[in-house]
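A short worksheet on the structure shown next.
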């Protein structure tokens with residue numbers, strides 16, 4: 001298998017090198033054949049979107065007195081410690097408002113909670129996709145225990161092999177976690193957490209606000225002036241611009257996260273010779289020179305828009321966190337599947353992006369705050385000859401089944417295998 005993996009890598013390098021010299025020599029069929037063989041499924045849904053979340057809006061009718069705000073939640077906070085906060089907005093007595101929210105596909109039951117000025121939660125349930133919900137006074141709400149909801153967070157897990165097949169499809173070469181909240185009609189808060197770095201290759205990262213022009217931003221502020229670590233010894237080499245807010249190739253706003261993930265997660269990773277020690281961070285059960293532990297690093301950004309209402313527009317669907325790395329004498333970007341063919345900061349498709357429209361993804365967007373990504377070298381999942389393997393292999397709830405049929409096992413990320421995930 002290792003011998004074949006080497007062959008696959010070599011063959012694809014030849015194809016892509018040829019294409020960089022003469023785009024007419026690019027053989028999409030050869031690349032597709034290599035990917036089909038190397039991917040951990042023998043069946044792949046030809047129409048897969050690799051989406052695990054959907055976006056909705058709902059009209060909330062409030063009949064509660066002494067109202068302060070309304071929350072949209074994934075669970076009743078009186079009963080569950082794992083309620084995720086999908087949306088929050090101020091609300092007045094007797095007011096009806098419309099709220100937008102994003103939620104994972106496996107979630108059907110949701111809750112609207114009107115919180116009073118004295119902290120009581122009045123909760124009404126609704127089904128995902130409902131047009132409206134009425135929150136009524138709950139006489140038992142006063143004094144009931146409430147578990148504080150957790151901010152909705154979404155994981156972004158990358159394989160850095162693109163456009164080559166991954167050697168493991170473990171989707172932990174770079175792991176980010178994002179949350180968003182609306183401060184006011186002009187201001188959006190984004191929290192970006194660097195969770196893991198499962199590679200010895202330098203990786204940069206940025207976050208595009210899809211559909212938001214660079215000129216629409218009044219200001220971008222790092223909360224408490226905290227930023228990801230930088231390499232002060234040799235400078236920036238992938239995203240060389242130091243500015244926090246960048247302009248994409250087509251004029252969209254891009255937040256410049258970091259130029260080197262290893263330094264971003266461990267600012268002490270530069271040795272006495274000024275070289276970056278590229279260990280694997282937070283992807284192994286033991287720690288040694290190769291596999292190390294580092295605290296997650298979170299940086300908060302306040303994005304202030306020039307026009308009211310734009311903050312609310314930037315849902316998770318409009319957030320495009322992507323990584324960039326050096327490949328074949330160029331800098332390539334890896335995006336979630338919806339934006340896979342976009343060239344945001346760098347140009348590398350030689351004018352033929354659709355040559356790479358092969359149905360495979362090198363990035364996963366996983367909308368679950370308690371998601372556990374695979375350990376190094378363990379695939380997210382596979383499904384070949386009817387046999388299921390990988391970190392998510394619970395039959396009926398496996399990654400491999402979801403990859404084969406996008407309408408099945410959409411809750412696979414809720415079923416990690418013990419000993420296979422971090």
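Here, the stretch 63-209 has an Rg and a Dmax of 19.1, 60 Å when only alpha carbons are counted. Anisotropy class assigned to the stretch 276-422 is rounded, per the alpha carbon gyration tensor with a/c under the 1.5 cut-off.
Against the chain, whose longest principal axis comes from its Cα atoms, helix 28-38 is set at around 70 degrees.
Which length gain, in nm to one decimal place, applies between residue 45 and residue 395 when the Cα-Cα distance is subtracted from 0.36 nm times their residue separation?
124.2 nm
Between residue 385 and residue 148, the distance separating the two model label sites (each 7 Å from Cα on the Cα→Cβ line) works out to 5.2 nm.
Each Cα pair under 8 Å and six or more residues apart adds its separation to the average, and for the stretch 250-351 the resulting relative contact order is 13 percent. Relative contact order of the stretch 55-149, taken over Cα pairs closer than 8 Å and 6 or more residues apart, is 38 percent.
If I fit a long axis through the Cα atoms of helix 2-21 and take the longest principal axis of the Cα atoms of the chain, what angle between them do I get, 0 to 90°, rounded to 10? For helix 2-21, the angle is close to 90 degrees.
With contributions of -39500 (n - 2.57) from each DSSP H run of at least four residues, the per-residue ellipticity at 222 nm computed over the chain stands at -3000 deg cm²/dmol. Peptides 45-51, 374-380, 147-153, ordered by how many other C-beta atoms sit within 10 Å of their residues on average, highest first, read 374-380, 147-153, 45-51. Residue separation of residue 61 and residue 350 scaled by 0.36 nm, minus their Cα-Cα distance, works out to 98.8 nm of gained length.
In whole percent, what relative contact order does the chain give with Cα contacts below 8 Å and a gap of six or more residues?
Worked out over the chain, it gives 18 percent.
With the convex hull constructed from alpha-carbon coordinates only, the stretch 55-149 shows a mean projected area of 5.2 nm² over all directions.
Subtracting the Cα-Cα distance of residue 343 and residue 201 from 0.36 nm times their residue separation leaves 49.0 nm of extension gain. The calculated FRET efficiency for the pair residue 96 and residue 405, based on their C-beta separation and a Förster distance of 35 Å, comes to about 0.30.
Distance between the pseudo-spin-label points of residue 186 and residue 289 (7 Å out from Cα toward the beta carbon): 5.5 nm.
Our summary of shape: the Cα atoms of the chain have principal axis extents of 69, 50, 45 Å, ordered from largest down, in whole angstrom. When DSSP assigns beta bridges and you keep just the ones with both residues in the chain, what percent turn out antiparallel, to the nearest 5? Of those bridges, close to 90 percent are antiparallel.
Read the figures in this text as sums done on the coordinates, not as results from a lab. Everything numeric in this text was worked out from a predicted model, so none of it was measured. Neighbour counts run over all protein chains shown; Cβ positions are idealised from the backbone, glycine included.
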